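*Asks:* I'd like to ask some things about the structure below.
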Amino acid sequence: MKQKQKIVVIGAGMASGRVIENLVETALDDFDITLFNAEQRGNYNRIMLSPVLSGEKTYEDIVTHDDDWYATHGVNCRFGEHVVRIDAAQKTVAGQNGPVSYDKLVIATGSAPFIIPVPGKDLPGVITYRDLDDTNAMIKASQKGGSAVVIGGGLLGLEAAAGLAERGMTVTVVHLMGHLMERQLDEAAGYLLRRDLERRGITIRTQASTKAIIGDGRAEAVLLDTDESLPADLVVMAVGIRPETRLATDAGLDVARGIQVNAQMQTSDPDIFAVGECVEFDGNLFGLVAPLYDQARVLSQTLMGQGAAFVVKDTATKLKVTGCDLFSAGDFADGEGREDIVLRDPARGVYKRLVIEEDRLIGAVMYGDTADGNWFFQLIKDATDIEDMRETLIFGPSAQGGDTVDPLSAVAALPRDAEICGCNGICKGTIVDAIEGGAGDLGTVRATTKASASCGTCTGLVEQLLQVTLGDDFQMPTAQPVCGCCALTHEDLRRLIKSQELKSQEAVWQELGWKTRNGCHVCRPAVNYYLLADWPLEYRDDPQSRFVNERKHANIQKDGTFSVVPRMWGGITNPAELRAIADAADKYDVPTVKVTGGQRIDLLGVKGEDLPLIWADLNKAGLVSGHAYSKGLRTVKTCVGSDHCRFGTQDSTGLGIKLEQILWGSWTPHKVKLGVSGCPRNCAEATCKDIGIICVDSGYQVSVAGAAGMDLKETEPLGDAASEQEAIDLTIAFVQLYRENAKYLDRAYKWVAKVGLDWVKSQVVDDLNERARLIEAFELSQSVYRRDPWAEGAKAAPSFQPLADLTLEAAE
Amino acid sequence: MNWIDVGAIEDIPLRGARKIKTALGCVAIFRTGLQEVFAASNLCPHKGGPLSEGIIHGQSVTCPLHNWVFDLNSGQAQGEDASIPTFPVAVRDGRILLDGTELAKRSAA
Ligand code: SRM
Ligand SMILES: Cc1cc2nc3c(=O)[nH]c(=O)nc-3n(C[C@H](O)[C@H](O)[C@H](O)COP(=O)(O)OP(=O)(O)OC[C@H]3O[C@@H](n4cnc5c(N)ncnc54)[C@H](O)[C@@H]3O)c2cc1C
Ligand code: SF4
Ligand code: FES
């Protein structure tokens, strides 16, 4: 009789389970197998722990090999017993209950969860998520209700979060990166996933870092970097895994990040093999079962003396959270020579992105509709030439030559209570009812519902509703979309951002069906502005969506240098400020110093690298950015007024300074310039500014919508104010109305021409409640933006320097 | 290949760019996605605009001076008969690597 080979296996997980299955099924008589497992049980389907956690399955449902199976196949089981040492020279392993010798040893110890080294990590109530015991501990904890914090927004963390929420806990996910599952998903899919999880009551905190877990005797709260503390009866750490290599390291095997194996799964000791998540092959680690099953097949063939070699293949990821349908495969990042195809269908909440390189599909990310995932995955794995189906590729196998997304779907997808007309508070449902009741054109809809009857910026949306409701019976007037990335006009875009409460760029791209990954130089600055104007607290200005001047807080010159214009409030300066400007001009070799048309001084020709330095110097003298570059408040020109002038009626200089100090820092659709003159002689040229104030004996004449640039236009009277405060209020309310309603890059005079001065007056002058609301909204926004960007820029000086200097290297 | 480490990927903001000085002029490094990085000449062939100051969208950059749009894969300018040289670049363990040999060869050409 043939001598049986003695095989010892350390770890009864998913990888070794497959190896043993292969061995006993094809060559039961050749092997004598001893199987150690630290867990109290044999092999079960670990990836189904999440359904067990959420209550959809029980442990019994997910057992792969039960006691009977091991008995039938003659496997000696030593469950609940850790292997503590491998003696490679003696060819024995030491279990907690005694040694056993081997001819061939298989290490299949999987991974250990990574624990972030913060204070409190060892408190009771802090759990990792790896095995059945962890799962049971979470189920037990959840029975008391309360709140849970899951640290880590990757696959495991989110499955844990969803399961705990399902069991009634209040769950917050704390994630270090900018979007969820950043290794598998791009920002767009990450946004959709977040939206769906939030809809089921889970709070998501991205870019949040854990400082400590606090509690008296057990976990009570998670403390973030920002010193905010999140209550937590249960803390789940799911921040990643690392290969369990301790036995191999102690035994002197070659170990890098994982136990190093060759393509036959053999370690540096010819009689020791390793398989599963504990191995490293050719620099790769593994965290999903598909490649582990390949490894298992190769290892069993190797043990049976058949030639086989393991090769790394692409893997695909899905998340096992019901209702969050996502799929990602291949490589969707990092690429010279790569091209994107993007499809978004807001009505169905669908996003798909394909990444193509040299006529081959190399990556796919999709959300909402993942039915074609495997088809795309196959194209990736087979490196199929997709040149011929490129045009229709994104529609999947069934729709080769198929349809495209309807630009109207964003409007079609709106709920009935979405507000369409902001002026009159008219919702979609009311308008649709009117159309169905016979209002077949814009005029009739206006007459019956008042929608689009006031400022008119929602006209485009009302027309789209006519089209969606009436179909071909309605002839859409052609309107100019923002740019080629979308089908919406600026007005529609603004209205939809408000009514759908879109608070991030990703939300806009997805919900409004953008055709590009993240817009272009035309639409992105506009979207950035609309978001920050409508959601000042939730959304922050994104410098990467701003034209260079507004990102660098200086005007770029034709030779790539910059100009620097410090603010001179109301045109007033003093010797100390002038001295600081002169010193800075000397110190930074400023070639040109010029007095501007806006009553201040321009330092032209400053090198980009010097900007933070010159700002710091000017800041020391109390000088701040003059925003000579921004779509925001520029200057408030004043005359000397009643302080000095023999004709002056009021303190025009003082009012100008007050207005400048209130308005500075705010972002507006285009630049905003003010003038305040002390009498109708108008030395401050107030009547050709966006807002001009003429002081008279009886008070202040506030006029708006002037221009002296490409068009020359006198201001039109907005209203008269008896007091200085009222003049200020009218000014702020006008600026805020402009901020809330105008199209990006429309100067105030262009916007007023569109909506009509009468409507503007009705909001700013006549309706005192609306005036108060506008002022309050402006103040809220200014609580974020009324600050000096130079002071912040000066602190970030290194980012203004070149990333590296290779002048010496390249010269070789 | 002669990979030169020029910095950490976090040193460039998402959808942002930084320039690198070389003896043969500045090279712009663009970061379009979490790990997606491109390298190309910093100099716009139109009137010399600094491309690292442009707006980066998809896999393109728009020149800050007069809005020419360049595909970062090919260097081709949209709708213009002009292009910028692009250079091999890689990201490994969070570091950006630029191919020095290629850089010297192409800039010299
Ligand atoms: C520096 C200054 C000229 C000067 O030397 O006096 C100036 C310089 C520029 N102006 Fe101006 N404007 C300056 C006062 C004016 C004035 C006069 C005024 O404000 O009283 C006007 C006419 C009034 C008006 O705005 O209606 C003026 C109308 C324009 C326009 C046309 C705007 C329009 O809507 O028609 C532009 C183009 C634009 O903004 O799109 C413009 C754009 C520019 C830009 C920013 C061009 C650019 O994008 O690079 C120039 C930057 C030069 C630089 O490198 O610094 N500048 N510009 C003035 C700065 C004032 C300040 O202290 O901030
Ligand atoms: C909750 C969850 C969800 C997942 N979802 C998915 C998914 O959807 N798709 C997917 O592809 N993958 C998923 N995975 C990953 C997948 O489960 C693993 O890739 C796979 O189980 C790894 O198999 P393995 O055999 O290498 O290790 P394991 O299955 O972890 O088995 C290793 C075993 O070795 C034991 N062991 C360790 N050290 C010793 C020792 N010294 N002595 C004795 N025994 C020891 C351990 O106790 C363990 O039982 C998920 C994982 C988890 C935890
Ligand atoms: S505005 Fe009137 S008061 Fe003031 S400086 Fe001019 S002329 Fe004199
Ligand atoms: S310099 Fe680049 S577009 Fe003119």
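*Asks:* With region A:13-90 as the region, which helices (runs of 4 or more DSSP H) entirely inside it contain at least 3 residues that are of a type in the set (A, V, I, L, M, F, W, C) and in contact with a strand residue (DSSP E or B) (Cβ under 7 Å, 6 or more places away or on another chain)?
*Replies:* Counting at least 3 such residues, we get A:14-27.
*Asks:* Another question, then. When residues of region A:607-623 are filtered for being touching a helix residue (DSSP H, G or I) at 6+ places or on another chain (Cβ under 6 Å) and either surrounded by fewer than 19 Cβ atoms within 10 Å (Cβ to Cβ) or charged (D, E, K, R) (or both), how many remain?
*Replies:* 5
*Asks:* Right, here's the next one. Being over 25 Å from the mean Cα position of the chain (by Cα) and not in a strand (DSSP E or B) is the filter here; which residues of region A:347-370 pass it?
*Replies:* A:E358, A:D359
*Asks:* Now for a separate question. Could you check A:D61 against (1) within 20 Å of A:V289 (Cβ to Cβ); (2) over 45 Å from the mean Cα position of the chain (by Cα); (3) free of Cβ contacts under 8 Å to residues at least 40 places away in the same chain and say which number it fails?
*Replies:* (2)
*Asks:* Could you please tell me which pairs satisfy a Cβ distance under 9 Å, a separation of 6+ or placement on different chains, a first residue in region A:114-132 that is among the polar types (S, T, N, Q), and a second residue that is in a loop (DSSP other than H, G, I, E, B) and surrounded by fewer than 17 Cβ atoms within 10 Å (Cβ to Cβ)?
*Replies:* Correct list of pairs: A:T128/A:F114; A:T128/A:I115.
*Asks:* What is the number of the single condition among (1) in contact with a strand residue (DSSP E or B) (Cβ under 9 Å, 6 or more places away or on another chain); (2) more than 18 Å from A:P566 (Cα to Cα) that A:K637 does not meet?
*Replies:* Of the numbered conditions (1) in contact with a strand residue (DSSP E or B) (Cβ under 9 Å, 6 or more places away or on another chain); (2) more than 18 Å from A:P566 (Cα to Cα), the odd one out for A:K637 is (2).
*Asks:* Please work out which residue is nearest to ligand 1 (Cβ to nearest atom), limiting yourself to region A:510-535 and to residues that are more than 7 Å from chain B (Cβ to nearest Cβ) and modelled with pLDDT under 95.
*Replies:* A:V522
*Asks:* Now, a different point. How many residues are facing another protein chain (nearest Cβ under 8 Å), in a strand (DSSP E or B) and farther than 18 Å from A:L803 by Cβ when one looks only at region B:17-74?
*Replies:* Residues that pass the stated criteria total 5.
*Asks:* Take the conditions away from ligand 2 (no atom under 16 Å from the Cβ), under 25 Å from A:S723 (Cβ atoms) and among the polar types (S, T, N, Q) and apply them to A:S666. Does it pass?
*Replies:* yes
Here's the yes/no breakdown for (1) of a type in the set (F, W, Y); (2) within 16 Å of ligand 1 (Cβ to nearest atom):
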| residue | (1), (2) |
| --- | --- |
| B:I12 | no, no |
| B:A17 | no, no |
| B:G25 | no, no |
| B:F30 | yes, no |
| B:S41 | no, no |
| B:L51 | no, no |
| B:I55 | no, yes |
| B:G58 | no, no |
| B:C63 | no, yes |
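*Asks:* So, B:A90, is that one buried (at least 16 other Cβ atoms within 10 Å of the Cβ), closer than 23 Å to A:I356 by Cβ and within 9 Å of another protein chain (Cβ to nearest Cβ) or not?
*Replies:* No.
*Asks:* Take A:G692 and tell me if it is farther than 22 Å from A:G756 by Cβ, more than 14 Å from chain B (Cβ to nearest Cβ) and more than 16 Å from ligand 2 (Cβ to nearest atom).
*Replies:* It is false that A:G692 is farther than 22 Å from A:G756 by Cβ, more than 14 Å from chain B (Cβ to nearest Cβ) and more than 16 Å from ligand 2 (Cβ to nearest atom).
*Asks:* Could I ask something else about it? I'm trying to understand the selection: among the residues of region A:754-812, which are more than 14 Å from every other protein chain (Cβ to nearest Cβ), of a type outside the set (D, E) and not in a helix (DSSP H, G or I)?
*Replies:* Scanning region A:754-812 gives A:G756, A:R786, A:R787.
*Asks:* Sticking with this one: Take the residues of region A:649-664 that are outside any helix (DSSP H, G or I) and surrounded by fewer than 20 Cβ atoms within 10 Å (Cβ to Cβ): which is nearest to the chain's Cα centre (by Cα)?
*Replies:* Looking at residues that are outside any helix (DSSP H, G or I) and surrounded by fewer than 20 Cβ atoms within 10 Å (Cβ to Cβ), I get A:D651.
The values are calculated or read from the model by the stated rules, or taken from the named source; none is laboratory data. Please read all numbers here as calculations on a predicted model, not as lab measurements. Every residue, glycine among them, receives a Cβ derived from its backbone with ideal geometry; neighbour counts consider all protein chains shown.
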